[in-house]
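For reference, the structure discussed in these notes is given below.
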Amino acid sequence: MLVDELVRDTKIAACEIWTAVDAAGQPVSEEEKLRGGDKKIKACLMADTLRQADAEKLGQRLSKQFAQADVGVFRVLCQLGHGVEF
């Protein structure tokens, strides 16, 4: 499985598969109504890399491997976690 392969790569910090809840019957938020509705997805493969260049290479690879998918590379500028004190 692709996720198993990715998590063995030392350039990948984490990898998850997200699946969407069936939106049928779910209330639509006022914010979404103002935007005119959201594009919905069925699933997402989220891979966290340690370096931007590695993310870009992985994005290119996955774009070729899954030509029908929307593949994006995003940079997290800051993340807070447990044990962080200010």
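Given the conditions (1) under 14 Å from L2 (Cβ atoms); (2) in a loop (DSSP other than H, G, I, E, B); (3) in contact (Cβ under 8 Å) with a residue 12 or more places away in the chain, which single one is not true for V73?
(1)
Any idea which of (1) more than 26 Å from K57 (Cα to Cα); (2) under 20 Å from the mean Cα position of the chain (by Cα) is the one P27 doesn't satisfy?
For P27, the failing item is (2).
Taking the range 3-35, which residues are at pLDDT 85 or above, exposed (fewer than 10 other Cβ atoms within 10 Å of the Cβ) and either assigned to a strand (DSSP E or B) or among the aliphatic types (A, V, I, L, M) (or both)?
T19, L34
Has the range 50-57 got at least one residue that is farther than 24 Å from L77 by Cα, of a type in the set (K, R) and outside any loop (DSSP other than H, G, I, E, B)?
No: zero hits.
Taking the condition of being more than 20 Å from I12 (Cβ to Cβ) and either without any contact (Cβ under 8 Å) to a residue 12 or more places away in the chain or surrounded by 12 or more Cβ atoms within 10 Å (Cβ to Cβ) (or both), how many residues in the range 36-69 meet it?
Within the range 36-69, residues that are more than 20 Å from I12 (Cβ to Cβ) and either without any contact (Cβ under 8 Å) to a residue 12 or more places away in the chain or surrounded by 12 or more Cβ atoms within 10 Å (Cβ to Cβ) (or both) number 6.
The values are calculated or read from the model by the stated rules, or taken from the named source; none is laboratory data. Every value quoted in this text rests on a predicted model; they were computed, and no experiment measured them. Reconstructed Cβ throughout: ideal geometry from the backbone, glycine too, with neighbour counts over all protein chains shown.
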